[in-house]
Structure formats: C-alpha cells, structure tokens
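The values are calculated or read from the model by the stated rules, or taken from the named source; none is laboratory data. Fair warning: this is a prediction, and the values are worked out from it, not measured in the lab. Virtual Cβ from ideal backbone geometry, glycine too; neighbours counted across all protein chains shown.
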Amino acid sequence: MPSILLIGVTGLIGSHLVLALKEKHPELPVTVLVRNKTIDTYLSETAAVKRIVHGSFDEKDKIVALAKEHDIVINVGSSWDVPLSESIVEGLKQQPEGKKRTLIHMSGTGNFVDKRWVDGATHAEAKVWDDNNPEDMKLINPTMLNGGPDTVVLNHGKDGKTGTYIIYPSGVYGEAAGPIPAHGVIQFVYREKAKELGFVPYIGEGTAVFNSLHIKAVIPFVLQVLDLALKDATPQGSVYERCFLIGGTETKYKDIAEAFAEVLYNEGVIASPVAKSVDRKGAGEGELPMLMSSDMRFVSNRAKKLGYKNEEVSLVEYLRSKKSTK
Ligand SMILES: NC(=O)c1ccc[n+]([C@@H]2O[C@H](COP(=O)([O-])OP(=O)(O)OC[C@H]3O[C@@H](n4cnc5c(N)ncnc54)[C@H](OP(=O)(O)O)[C@@H]3O)[C@@H](O)[C@H]2O)c1
Ligand SMILES: *[C@@H]1O[C@H](CO)[C@@H](O)[C@H](O)[C@H]1NC(C)=O
C-alpha cells in the first residue's frame, strides 16, 4: 500500500485531514512530521498515525529523507515556505527511477487578487480566474502570495516523474479537530489584526469581494484529489491541468469585518463590536490588508468536474452561529 507523508497535521486543515484519512483510507500508512511533542498519544491512538517524526520545516535533511521514503507527500503545512517545498522536491527526486510518486500541495487563492485596484471597493472588470483554463494557471509566479512554493511544485512536475496536484482553497473557516485549537490562516490573521488595531478593519467602502469556504468542504475534495492520484498510473495532463481552485460564498469585506468584530468582541479580544473603515495605510502591514484592498474572484470548473461541492454554511453565517453559542 502506498505510504503517505503528511506535513501540517496540527493545523486547521491537517487536523481534519488526518482523521479523514483514517476513516476513508485506513489501509494507507501515514507518517506525520510534527514539531509539537505533546500529542504523540493522540496521533497514534486516536488518529491512527503509523509513524511520528518530530521536526520542523527548517530541518532540510530530515524532510529530504522523509520525502524520499514515501510514495505520497501531502503538504498542508505551508504555502509560503519555499525551502520546505524545495526539500520535499529534492527527496522525491531521489526516489528510484520509474517509481510512482505523488505530491499534493495545498496553496491558496490569495494568489488571485486583482491588484489593479486597491481601494477596497469591488470592480466589475476584476479578473475571474478559471482553474479549467491552463493559460490562467500558467500565470502563477513567485510574486503571488503563495506563488513561491507553487512554482517549485509546478516546475518539479514538468518532467512527468512526480504527479503534482495543487489545491487552492480560498479562506478556510471552522474549528480544528483534535487537541490543538488551531485557527488556521484566515481566522488567525483577522484575530491578530484586531489585537494590533483594537478593532476589525475593512478598507474604504469594503465592497471588494472575498471568497471563503468551511473546512468541511475542503477535506472531501482533498480526498478526491488523493483518489485521482491513486487511480492514475501516470500523471494525466500538464501540471496546469492538475491545479484546482475551490471556494464558497463571495462576501463583501465589510460584512466579514462586521461578523468578525462581534465574535472577537464577545471573546474579549477587542473592546467594541463595531468594525471600522480605514484607508490602506490605516490597516497596517501584512497579508490581510493586501487581501482586503482588492477583489478575489475565480471559478472552480476543473474542481467541480472532479466532484467538488460546497454545501456548508457561509463565513458570516458561521460567525453568527458561533457568537450566539457564547
Ligand atoms: N486557513 C486558511 O484560510 C487557508 C486558506 C488557503 C490556504 N491555506 C493554506 O493551507 C495550509 C494549511 O493551512 P491551515 O489554515 O491549516 O494552517 P495552520 O492552522 O496555520 O497550520 C499550519 C501547520 O503547519 C505547521 N507548521 C508551521 N510552521 C512549521 C514549522 N516551521 N515546522 C513544523 N511545523 C510547522 C503547524 O504546526 P504547529 O502546530 O507546530 O504550529 C501546523 O501543523 C497552509 O499552507 C495555508 O497557507 C489556508
Ligand atoms: C502543543 O500542544 C499542546 C496540546 O497538547 C498545546 O497546548 C500547546 O500550545 C502546543 N504547543 C505549541 C508550541 O503549539
């Protein structure tokens, strides 16, 4: 049975994925690379992980050796860390000639914001990216939010020896599974920005479009991509035809800010439940102001052909229900 190396098991996405693998593919032995040494019992007993390796993304030799030993590498640990993806690729390259190898990389649609407008307003002419159009996928490059590792993975896949599959979810919300309460990237950056400014911001009129999906919509699709990789004896199509964009509801940043402000106020993170409009400078540094300034628009035609569905609650509905249970 093909072995899996899972990177990022304590995160929002990884914590659900490891349990889904146990449920849907109990026959596949899973190794995890994890830096938190306190959850080994949970990982082996509850999550049925076969092998636990303690380590961090900067331990290059360890990651190269692990990627060399496993048939399938799933990286839900970082879409920014270029050396991590380079180490994985180096290990895969060291596998015996002719052996089937697979890399499933999780990136994000933060690549696909239309920075021609940065005023926080929506623009009807904003680019709508299509995962079913290889010409769109060929535009992915290292200047994009997650484009560094994407480029490493895409280039590696071009020799046809490794089946590379990249999944680009939009903002992911929901609760982590397991003992570590990871917020995941988007919920984390909203929380940190609220702490930094003392309120939840949006830019200008806040009509720019954000796309997001619940963690429960992400996991079945990762399993569908895994099944595709298991089924195909050799990788089908070009590397650009193995990129999948997945999302859910399109929401205005103003509505998201208002919903987060109420939740973070209830949790005692900020002193007022009122979101505020600021200019680009007033939102400070980081990933969130970059996202909030512009529209993020895409369609999931390729992912839908593979079976992607989203029937979960929207981000605003999710945050409202969270608030009422506090
Ligand atoms: N959540 C979103 O909104 C979203 C949207 C689109 C794409 N993505 C992408 O999907 C992937 C997973 O996202 P997530 O939200 O699940 O992230 P997350 O909750 O922040 O989880 C990150 C995982 O990587 C591990 N990790 C981070 N740095 C590490 C290091 N230096 N050494 C060892 N382990 C390290 C974390 O371990 P620790 O527990 O030890 O920190 C955790 O297991 C990321 O690449 C993210 O960019 C996320
Ligand atoms: C490690 O996991 C424990 C839960 O067992 C958690 O309380 C702790 O915060 C985690 N440590 C780090 C550094 O994330």
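A few notes on this one:
- Test: residue in the range 40-52 that is among the charged types (D, E, K, R) and within 13 Å of ligand 2 (Cβ to nearest atom): yes
- Those residues of the range 1-41 which are of a type outside the set (A, V, I, L, M, F, W, C) and surrounded by 15 or more Cβ atoms within 10 Å (Cβ to Cβ), in sequence order: PRO2, SER3, GLY8, THR10, GLY11, GLY14, SER15, HIS16, LYS22, HIS25, PRO29, THR31
- Within the range 39-59, being assigned to a helix (DSSP H, G or I), more than 22 Å from the chain's Cα centre (by Cα) and within 14 Å of ligand 1 (Cβ to nearest atom) holds for ASP40, TYR42.
- Of the residues examined, VAL274 is not one that is in a helix (DSSP H, G or I) and farther than 27 Å from ILE167 by Cα.
- Of all residues in the range 303-326, those that are of a type in the set (Ser, Thr, Tyr) have Cβ atoms under 6 Å from Cβ atoms of residues that are at pLDDT 95 or above and assigned to a helix (DSSP H, G or I), 6 or more apart or on another chain, in TYR308/PHE221.
- Subset of the range 237-262 [more than 23 Å from the chain's Cα centre (by Cα) and touching a residue at least 60 places away in the same chain (Cβ under 8 Å)]: ALA261, GLU262
- Here is the figure for the range 60-86: residues that are part of a helix (DSSP H, G or I), among the hydrophobic types (A, V, I, L, M, F, W, C) and either under 19 Å from the mean Cα position of the chain (by Cα) or within 16 Å of ligand 2 (Cβ to nearest atom) (or both) total 2.
- Hey, ASN141 more than 12 Å from ligand 1 (Cβ to nearest atom), of a type outside the set (Asp, Glu) and either part of a loop (DSSP other than H, G, I, E, B) or under 17 Å from GLY14 (Cα atoms) (or both) or not: yes
- The range 162-187, residues that are assigned to a helix (DSSP H, G or I) and more than 6 Å from ligand 1 (Cβ to nearest atom): GLN187
- Whichever residue in the range 121-131 is in contact with a helix residue (DSSP H, G or I) (Cβ under 6 Å, 6 or more places away or on another chain) and surrounded by 18 or more Cβ atoms within 10 Å (Cβ to Cβ) and, among such residues, is nearest to ARG280 (Cα to Cα): TRP129
- Sole residue being in a loop (DSSP other than H, G, I, E, B), of a type in the set (Asp, Glu) and touching a residue at least 40 places away in the same chain (Cβ under 8 Å), chosen from ASP159, ASP119, ASP150: ASP119
- Among (1) over 20 Å from ILE7 (Cβ atoms); (2) in a helix (DSSP H, G or I) - the single one ASN211 does not satisfy: (2)
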